[in-house]
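The values are calculated or read from the model by the stated rules, or taken from the named source; none is laboratory data. Keep in mind the model is a prediction, meaning the values are calculated, not measured. Every residue, glycine among them, receives a Cβ derived from its backbone with ideal geometry; neighbour counts consider all protein chains shown. All accessible areas refer to the heavy atoms of the entire protein, side chains included, with ligands and DNA or RNA removed. Shrake-Rupley method; radii C 1.70, N 1.55, O 1.52, S 1.80 Å.
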Amino acid sequence: MISQQEFYEAKLAYEIDAADVAKALAEGGRSLLLVDTRSEEAFDHETIPGALNRPHRLMTEESCADLPRDAILVAFCDGIGCNGSTKGALKLARQGFQVKELQGGLDWWKRDGYATTRTGGCGKEACDAC
């Protein structure tokens, strides 16, 4: 049986919150790459700036082949009522990527006051014309 300390250390090795993601991105330290594990439609509607879309249901070695092996991938979905980030993180980990799961997902990202963006299906950050 592991100790409480070992449990929490292990948990933090695989989870990250919005404040820690924002800080890491601002500092430009070890490379983080946000991976939105929701559907393309949800991604187009709203996501975290700089995130890539890899729907967990469609993740394969081929669909993830372009992801960098030297970055920590941060999987996220809508929030605590969604397990898409967990499913995506597991699939990415099985492919040998270093992965953390964003606690609270897009919902808590927004609650913490961080910006979101949308692509509107056009591949660019959306404006009213998209």
Over the chain, relative contact order from alpha-carbon pairs under 8 Å, at least 6 apart, %: 28 percent
Surface share of carbon and sulfur [accessible, 1.4 angstrom probe, percent] for the chain: 51 percent
Along the charge dipole of the chain, pointing to its positive end and built from +1/-1 on Cβ of Lys, Arg, Asp and Glu, which listed residue (Ile80, Ala26, Thr119) has its Cα farthest out? Ile80
Checked against the structure, the computed Cα extents along the principal axes in Å among (i) 57, 34, 30; (ii) 44, 33, 24; (iii) 67, 34, 18 is the one labelled (i)
Which number gives the lysine pairs in the chain that have C-alpha atoms under 19 Å apart and are eight or more places apart or on different chains? 8
Å² per residue, accessible surface of the chain at 1.4 Å: 61 Å²
Span from the segment 1-29 Cα centroid across to the segment 44-73 one, whole angstrom: 20 Å
